[in-house]
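The values are calculated or read from the model by the stated rules, or taken from the named source; none is laboratory data. Keep in mind that this is a model prediction, so the values were computed, not measured. Every residue, glycine as well, gets a Cβ built from its backbone with ideal geometry; the counts of neighbours run over all protein chains shown.
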Amino acid sequence: SLAFAPVYEDPHVQDFSGRNSKDFIQFIDGDFAICLDFETESSAGDEGHWWSGVGLVSAGVPGAGHDFGLTMGDGRVMFGIGNPDTTIVSGERYNDGRWHTVVASRAEDTGEFSLWVDGTLQNSSVATRQPLNASKTVVVGSLIHSFNFFVGHIRNLRVFNQALTPLDLGYVAQA
């Protein structure tokens, strides 16, 4: 089992119709990991930059800022860090109507951030080592300011205040 607990947890299935989102106060800024299951058939959003996708979990701000987002564009999962904008894009599309598990993890001291989908590492990159606190709100189901809405379902949302190791991922998937 994990030696630490999530700082935020919502095990319920959330239905996102493309017009709704849910937000909570920003408490993610240094080391963190976001874990969730999602299912969608939507191809909405553009791939390439996390801020051009539809929001799964986002703490973005307009323009340049120390922000982040876990989004989807054209069926691909994206995890990005801002200022400068750096985005990891999944190799495959996951808009097949089946449930998928995604983990986005970031270590502030090294700037390394990683994206896993269904237990497979999609990629890792290095971005700013600054706190990602430009936004005071974290939004689930859209980007900040209620645009680029996600269409589908999200469940088992867990947020940790530390980066996860590959060993931790096995425990997260079983929880």
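What to note about this one:
- Being touching an Asp or Glu at 6+ places or on another chain (Cβ under 6 Å), part of a strand (DSSP E or B) and among the small types (Gly, Ala, Ser) is a condition met by at least one residue of segment 152-168.
- Within segment 120-151, restricting attention to residues that are part of a strand (DSSP E or B) and in contact (Cβ under 8 Å) with a residue 60 or more places away in the chain, the residue that is surrounded by the fewest Cβ atoms within 10 Å (Cβ to Cβ) is THR137.
- Residue count, segment 18-49 (criterion: in a strand (DSSP E or B), modelled with pLDDT under 90 and of a type in the set (A, V, I, L, M, F, W, C)): 2
- Residue among VAL102, VAL77, VAL117 that alone is out of contact with any helix residue (DSSP H, G or I) (no Cβ under 7 Å at 6 or more places or on another chain), modelled with pLDDT of 95 or more and closer than 15 Å to HIS49 by Cβ: VAL77
- Hits in segment 58-116 - residues which are in contact with a Gly (Cβ under 7 Å, 6 or more places away or on another chain), part of a loop (DSSP other than H, G, I, E, B) and farther than 17 Å from ALA44 by Cβ: ALA64, GLY65, HIS66, ASP67, GLY82, ASN83, GLU108
- For THR71: the one exception among (1) more than 16 Å from ILE144 (Cβ to Cβ); (2) in contact (Cβ under 8 Å) with a residue 24 or more places away in the chain: (1)
- In segment 1-17, the qualifying residues are those that are aromatic (Phe, Trp, Tyr) and at pLDDT below 90, and the one that is surrounded by the most Cβ atoms within 10 Å (Cβ to Cβ) is TYR8.
- Single condition PRO62 does not satisfy, out of (1) at pLDDT below 90; (2) touching a Ser or Thr at 6+ places or on another chain (Cβ under 6 Å); (3) surrounded by fewer than 24 Cβ atoms within 10 Å (Cβ to Cβ): (2)
- Flag for PHE68 being hydrophobic (A, V, I, L, M, F, W, C) and surrounded by 21 or more Cβ atoms within 10 Å (Cβ to Cβ): yes
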